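Read through the structure below, which is laid out as structure tokens, and then see the notes.
The values are calculated or read from the model by the stated rules, or taken from the named source; none is laboratory data. Quantities reported herein were computed from a predicted structural model and do not represent experimental measurements. Cβ atoms come from the backbone with ideal geometry, glycine included; neighbour counts cover every protein chain shown. For the accessible areas, the whole protein counts, side chains as well, though only heavy atoms, and no ligand, DNA or RNA atoms are used. Shrake-Rupley method; radii C 1.70, N 1.55, O 1.52, S 1.80 Å.
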Amino acid sequence: MDSEDDIYDKNDVDSSEDFYSEDDDTATASDEDESEGDDLIMEAAEKPLKPQKENYAILSEADIGELQKKDITVVSDALKISEGSASIILQHHNWSEPNNFIHDTWFINQEKIRKAVGLPEETTPIPDVTVRIKCRICLEKCPRDSVDAAACGHPFCNSCWKRYITISINDGPGCLVLRCPEPSCGAAIVKEMIKKHVDDDDAISWQKYGRYLVRSYVEAKQNKIKWCPAPGCDYAVKFDIGKIGRSGISNDVKCDCSYGFCWSCAEEAHRPVDCGTVAKWILKNSAESENTNWILVNSKPCPKCKRPIEKNHGCMHMTCTPPCNFQFCWLCLGAWSEHGERTGGHYACNRYEMAKQKGAYDVTERRREMAKNSLERYTHYYERWAANQKSRQKALADLHQMQAVQLDQIREKQCQIHGQVMFIIDAWKQIVECRRVLKWTYAYAYYLPEREHAKREFFEYLQGEAESGLERLHQCAEKELEIYLNEGLSKEFDEFRTKLAGLTSVTKNYFENLVQALENNLEDVDSKGACSKVAGAGSKSFGEGCSKGSGKRGKGAAS
């Protein structure tokens, strides 16, 4: 990416009205048409978008526990069974919708379900006797009040029950389907009994059991609820899947931990590219294909041992590494003992040139050239994708620094109340979001077909305008803000607020329209390179602004 010193010009940002205007020295005979195009782009940038419809809710573990408890209570009340038994039954059926389960499943297969989950209809009580009862694990004889049993009636002492349950919880989620310790018995150990033996003395085990139970609920409802994929985050997202695909509805989710991700593929938020493109791009970045291309372009195999060798400088006389030590010519790959002054010396090879003229190396050279072009194209887009990711991380760190320290400093020095300086936070949040969008436009550009020249030129123009506008906003929020951070009370602070808030609003609207245009696959551009007029937020602006597409290339253009 260009350095900030090259991109930024303090005189570029006089007002939000000239946000996307061209420099005077680029005017041509078509100035009038280009001016109209600029006005249309500006109109799009300033046109407010319809507010994003709310299609998800962020849930804490406590919130999920409440939803789970409601389902359990419905089944418990309807079937007249304990909540622990209802929990085991619902878990066995992947936490089905309780009313549907009761009417469509339970009353049809009640006996079969009870047998499968280990809940007998009749409970076998422990005999109420005065003599001591022998524990079936430790074989100790214990008084009646120190012995407990599941619905099956097999007695075990409380100490053995506690050890058995605690070990099972520590072993993992298998404790949710815990059965009687008696080897031949399949009776379920319900939640009430687990709580009885671990709640008072071992709160950690009880909390762990509760967490397993909550997570089983979420994992069974992956079509409605998903965990936030951010490391260390315990929030989940409940998504209204009925709204997917509707106008104004996005699959992007913003968790309360500040991590944004796509509901459909669980990757980080990636508008404007679709999930399939993201999957291909991530696979390409992690696959060995580009390593293979690099080896093909930059190395040749040793004629003897076939190990790849890179030539980075020097003459054509190559010596393979031990234990091979074979000496050969880099150009024709023949033994160096057959070379000398008569074949061209150390920096040329007559044998290679003669064979090349006869077409002996055509296939190999063609493969190397194709691999080189593919590698250079991929590197072009990947480097810019990675650069914007790095810039986004830096902007995110600056945002956190602003929220934690600098905002209060500015507020005190400029004698402002908290609400009057929040426009700075809004600007930095917008910068972070725009960096994310710009990053993914490079993946979009990589998979944009080469044959669609009109779309590619239009896209490069839009991308260049977006990048230029973002740099202006970044310049204002970073460089110009330092004046008010390092100096005392300034009369120009109100003007700065108006300027930064205006740039933030314009940039936000432009990027939202850019995202919508790319999500629609630039459908406003027809096969002849002209642009159709489409009514609606964003479409009109990008369509009619296409007249300048061939005049300015964005940074997405591969060399």
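Taking the criterion of being within 14 Å of T441 (Cβ to Cβ), touching an Asp or Glu at 6+ places or on another chain (Cβ under 9 Å), part of a helix (DSSP H, G or I) and open to solvent by less than 20 Å² (accessible area, probe 1.4 Å), the residues of segment 495-526 that qualify are Y510, F511, L514, A517.
Among the criteria (1) within 47 Å of the chain's Cα centre (by Cα); (2) in contact (Cβ under 8 Å) with a residue 40 or more places away in the chain; (3) surrounded by 15 or more Cβ atoms within 10 Å (Cβ to Cβ); (4) not in a helix (DSSP H, G or I), the one E182 does not fulfil is (1).
Give me the helices (runs of 4 or more DSSP H) completely within segment 66-144, filtered to those with at least 2 residues that are β-branched (V, I, T), ordered by residue number.
Passing ranges, in order: 83-92, 110-117.
Restricting segment 128-139 to residues that are more than 19 Å from P181 (Cβ to Cβ) and open to solvent by less than 100 Å² (accessible area, probe 1.4 Å) leaves a set whose member that is modelled with the lowest pLDDT is V129.
Please tell me if A78 is open to solvent by 40 Å² or more (accessible area, probe 1.4 Å), in contact with a helix residue (DSSP H, G or I) (Cβ under 6 Å, 6 or more places away or on another chain) and free of Cβ contacts under 8 Å to residues at least 40 places away in the same chain. So A78 passes the test. Which residue is least open to solvent (accessible area, probe 1.4 Å), if the candidates are limited to segment 431-452 and must be part of a loop (DSSP other than H, G, I, E, B) and touching a helix residue (DSSP H, G or I) at 6+ places or on another chain (Cβ under 7 Å)? Per the criteria, the residue is L448. Among residues of segment 147-160 that are at positive phi, those with a beta-carbon under 9 Å from a residue that is at pLDDT below 90 at least six positions away or on a different chain give the pairs G153/T123; G153/T124; G153/P125; G153/I126; G153/P127.
Of the candidates S96, S60, the single residue that is surrounded by 17 or more Cβ atoms within 10 Å (Cβ to Cβ) and of a type outside the set (K, R) is S96.
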